[in-house]
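**Q** Quick one: structure below, then a few questions.
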2 protein chains.
Amino acid sequence: MNYAIIGTGGIGGYYGSKLAKAGKDVHFLLHSDYDYVKQHGLQVNSVNGDFHLDNVNAYKSADEMPKCDIILVCLKSVNNSLLQTILPPILKPSTLVVMIENGIGVEADIQESFPDTYLAAGLAFICTAKAAPGVINHQCYGHINIGNYSCRDHSIIETLINDFSEAEVVANEVNYDEARWKKAVWNMPFNGMTVALKTQTDVLLRNKSTLQLIKDQMMEVIGAAQACGVKNIDEAFADKMINDTLVMTPYSPSMRLDYDNHRPMEIYYLYTRPIEEARKAGYKMPKLEMLEAELRFIAMTQNN
Amino acid sequence: MNYAIIGTGGIGGYYGSKLAKAGKDVHFLLHSDYDYVKQHGLQVNSVNGDFHLDNVNAYKSADEMPKCDIILVCLKSVNNSLLQTILPPILKPSTLVVMIENGIGVEADIQESFPDTYLAAGLAFICTAKAAPGVINHQCYGHINIGNYSCRDHSIIETLINDFSEAEVVANEVNYDEARWKKAVWNMPFNGMTVALKTQTDVLLRNKSTLQLIKDQMMEVIGAAQACGVKNIDEAFADKMINDTLVMTPYSPSMRLDYDNHRPMEIYYLYTRPIEEARKAGYKMPKLEMLEAELRFIAMTQNN
C-alpha cells in the first residue's frame, strides 16, 4: 500500500509526514520546495510533538512518481485543473483519490474527467500551515473525516482509516453529502465574512448584527443542504457551530489567509458551486449570493 | 412668508441661500459656524454661478429665531432628536416642516412628537457640500421634489414650490410614498455598498458581480415598495437608475462621505426602518438586511 501526497503544504505536509513517520510508503509531489525538501527533509512542528523526516520521497513531477494505491490531493481547489496532468501517471485501476479540499462539488468535477476512478472526500479539521520550505507548523486539532464518493472497494477506505490511526491521526468514515454540507455550514459564513469585513471569527460573533448575519447564513446553508437531500442537519447544528467557534481562539479561516497573502480565493467551490446546486434544487441563498458577489469584487479590485 | 433653515450644511446652506438671494425672508440656524457666518455671510460656489450673501439672519439657538411659516430641516437623520427642542419655539399652528433627509419613516417619527404639525418630505437631487465655515460648494444637479405627508393646507406647498422657482431651484410636487421609495431604490444599494466595499458607484457597476448585486438589491427595494402599497415602481425603474448612474461621474454617496469623515452613518432610516416596514408588510429584503449588518459592524469596529 503506497501513498501519493499531491500538494505538500500545511495539510499535505502534515498528513503525509505523519503517515511516513508511521512507516508507510509515502511519495510527496512538491513544486517550489522540491530542492530544499530533497536535501533537508521535512520538519513538522506540532502541538503533539515535533519530528523530522530525513529521507523524503520527493518528486517535482508526477511522471517520476510510482503509481499509488491512495492519493491524497491537498491542493487549493483553484489549482484543480493541474490534476488533469498530475493524476494519470500515478493512477492504478483501483487507486483511491481522496480530495482534502474545501467546498461543494469538487468530487463531481474530478469524476467527470476520471469517470472510473474511486473518489472520496477528506474533511480535515486542523490548524496547520507551511511556515517555510520544508517546515510545517501544526497548531491545533488534526482529525480527518473520510466520506466515500465513488469507491466501490470499501476495504481501501478501511485501510486508509487504519493507516491514519497507526499514524496517530484520528480518522473516521462519514456520510459524504452530510459531511460536505456540514463543513459548508461553518465554511461559507466564516471564510467569506472574515474577508469581506477584514476581521476574525471572534469579532464577528461579538457584534450582535454580524452574529445574527452569520446565523442567517448558516441557516441558508442548512436550507440548501436539506433541499439537496441532506435532511439531518438542523438549526441546532448552526447553534453548535457558533458555540464551538465562540470558544476557539480568534481565527482567520483559509480564505482570509489566502486574501492576506494575495493568493487566489476559493470562491468557486466555496460559494458559486453550492449556490448553484441549491438553486438547481429550487432553493435560494440570498445572503451568501451577496457574499459571493462581494468576494468576487474584492478579488477583482483589491487582491491582484 | 418666512423660512427657517435647520442645519446650514451643504443642503440647507445651498437651498437657504438661493431663497435668500431671491429676496425671501430666510433665517438660518447654525452651530459651529455661527460666529463666522454672522460676521462674513455665506458664500455659495455653484456650477450655475457663484454668489455671496453679506447679511445673513444667523442664529445659534432656535429660541432666538422668529416663528416661521416654512421650516426646511436639513439635518442628518441621526440628529433628529434635536428637533424635540429646535422645533417648538419656531412653530406656528400652520407651519409646514419639510424634511430634506434620506430614508424611510422620517416623517412618521416626527409626526409622533408633533401630531398636529404639517409635514412634507423634501427629496433633494443635488451634489453639494460644505467646503469650509460659511462656504458651500455646489457641484451638480439641484432640483428638489416635495411630497406632502400631512399638510392639510395645500396653498403652503404651492407657495414653497413657487418660491423655489423664483429662486431658480427646480421644484416639483410628487407623491410622498412613491418619492420616498423611489429614492430608496438608489439610496439603499449605493450608499451602503460604497462603504462596505470602500469604493465608488462606477467601480461597483463595472464589476459584473456587484452590478448584479446592485440590481438584486434594487429589486428588493422595489418589492418592498410594492408590498407597502406603492405599486407603480417596477424593474424598468431599477434599470433606469443603473443607467443614470453609469453616466454620472464616479460618485461617493453621502454615507460614504460620512464614513470617510468619521461621522455617524444614517443606518437607521436608510436600512433598519425600510427593512422593518417591508417585514411588517410581509416582505423580506435579505441582501439589504445583510448590508445593514455589515454597516453596523463597520460602524462599531472601524468608524469610532
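**Q** Within the group A:Tyr15, A:Tyr59, A:Tyr3, A:Tyr36, which residue is hydroxyl-bearing (Ser, Thr, Tyr) and within 22 Å of A:Cys140 (Cβ to Cβ)? Working first, answer last.
**A** Values: A:Tyr59 fails: within 22 Å of A:Cys140 (Cβ to Cβ); A:Tyr3 fails: within 22 Å of A:Cys140 (Cβ to Cβ); A:Tyr36 fails: within 22 Å of A:Cys140 (Cβ to Cβ).
Just one listed residue meets the conditions, A:Tyr15.
**Q** Run A:Gln212 past the list (1) crowded, with 23+ Cβ neighbours inside 10 Å; (2) within 14 Å of chain B (Cβ to nearest Cβ); (3) under 19 Å from A:Gln200 (Cα atoms) and report the number of the one that doesn't hold.
**A** With (1) crowded, with 23+ Cβ neighbours inside 10 Å; (2) within 14 Å of chain B (Cβ to nearest Cβ); (3) under 19 Å from A:Gln200 (Cα atoms) applied to A:Gln212, the lone miss is (1).
**Q** Condition (residue is more than 14 Å from every other protein chain (Cβ to nearest Cβ) and hydroxyl-bearing (Ser, Thr, Tyr)) applied to segment B:268-283: is it met by at least one residue?
**A** Checking segment B:268-283: at least one residue is more than 14 Å from every other protein chain (Cβ to nearest Cβ) and hydroxyl-bearing (Ser, Thr, Tyr).
**Q** Across segment B:109-119, which residue is most open to solvent (accessible area, probe 1.4 Å) among those that are in contact with a strand residue (DSSP E or B) (Cβ under 9 Å, 6 or more places away or on another chain) and more than 16 Å from B:Lys76 (Cα to Cα)?
**A** B:Asp116
**Q** Further question on the same structure: Kindly establish whether A:Asn162 is open to solvent by less than 10 Å² (accessible area, probe 1.4 Å) and more than 14 Å from every other protein chain (Cβ to nearest Cβ).
**A** No; evaluated as a whole, the condition is false for this residue.
**Q** Please pick out the residue among B:Asn172, B:Asn232, B:Asn162 that is more than 28 Å from B:His31 (Cβ to Cβ) and part of a strand (DSSP E or B).
**A** Details: B:Asn232 fails: part of a strand (DSSP E or B); B:Asn162 fails: part of a strand (DSSP E or B).
On inspection, the qualifying residue turns out to be B:Asn172.
**Q** Return the pair list, or none, for Cβ contacts closer than 6 Å from residues in segment A:275-304 that are of a type in the set (Gly, Ala, Ser) to residues that are modelled with pLDDT of 95 or more and outside any loop (DSSP other than H, G, I, E, B), at least 6 apart or on different chains.
**A** Taking only residues 6 or more apart or on different chains, the pairs are A:Ala278/A:Ala224; A:Ala278/A:Ala227; A:Ala281/A:Ala227; A:Ala293/B:Ser209; A:Ala293/B:Thr210; A:Ala293/B:Leu213.
Residue by residue, here is whether (1) farther than 20 Å from B:Gly192 by Cβ; (2) among the β-branched types (Val, Ile, Thr) holds:
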{"position": "A:Val247", "(1), (2)": "yes, yes"}
{"position": "A:Pro250", "(1), (2)": "yes, no"}
{"position": "A:Met255", "(1), (2)": "yes, no"}
{"position": "A:His262", "(1), (2)": "yes, no"}
{"position": "A:Lys284", "(1), (2)": "yes, no"}
{"position": "A:Met290", "(1), (2)": "no, no"}
{"position": "A:Glu294", "(1), (2)": "no, no"}
{"position": "A:Phe297", "(1), (2)": "no, no"}
{"position": "A:Met300", "(1), (2)": "no, no"}
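**Q** Give all pairs with beta carbons closer than 6 Å in which a residue from segment A:66-83 that is part of a strand (DSSP E or B) meets a residue that is open to solvent by 10 Å² or more (accessible area, probe 1.4 Å); count only pairs at least 6 apart in sequence or on separate chains.
**A** Listed pairs, sorted by first residue: A:Cys68/A:Asn2; A:Asp69/A:Met1; A:Asp69/A:Asn2; A:Leu72/A:Ile100.
**Q** For the condition over 25 Å from A:Leu291 (Cβ atoms) and among the basic types (Lys, Arg), what is the one hit in B:Lys183, B:Lys198?
**A** B:Lys183
**Q** May I ask you to list the residues in segment A:1-53 that are touching a residue at least 40 places away in the same chain (Cβ under 8 Å), open to solvent by 10 Å² or more (accessible area, probe 1.4 Å) and of a type in the set (A, V, I, L, M)?
**A** Across segment A:1-53, the qualifying residues are A:Met1, A:Ile11, A:Ala22, A:Leu29, A:Val47.
**Q** Collect the residues in segment A:247-292 that are within 21 Å of B:Asp202 (Cα to Cα) and open to solvent by less than 10 Å² (accessible area, probe 1.4 Å), keeping them in residue-number order.
**A** A:Met290, A:Leu291
**Q** Across segment B:62-75, what is the total count of residues that are surrounded by fewer than 19 Cβ atoms within 10 Å (Cβ to Cβ) and either aliphatic (A, V, I, L, M) or within 22 Å of the chain's Cα centre (by Cα) (or both)?
**A** Residues meeting the conditions: 1.
**Q** Next question, about the same structure. Just to verify a result, which residue in segment A:187-207, among those that are more than 18 Å from A:Met248 (Cα to Cα) and facing chain B (nearest Cβ under 8 Å), is surrounded by the fewest Cβ atoms within 10 Å (Cβ to Cβ)?
**A** Going through the qualifying residues, I end up with A:Leu197.
**Q** I've got another one for you. Any residue that is of a type outside the set (Ser, Thr, Tyr), within 14 Å of chain B (Cβ to nearest Cβ) and crowded, with 18+ Cβ neighbours inside 10 Å - is there at least one of those in segment A:165-186?
**A** no
The values are calculated or read from the model by the stated rules, or taken from the named source; none is laboratory data. Since the structure is predicted, the reported quantities are computational estimates derived from the model, not experimental observations. Quick reminder, even Gly has a Cβ in these numbers, built from the backbone with ideal geometry, and neighbours come from all protein chains shown. Quick note on the areas: whole protein, heavy atoms, side chains included, nothing else; ligands and nucleic acids left out. Shrake-Rupley method; radii C 1.70, N 1.55, O 1.52, S 1.80 Å.
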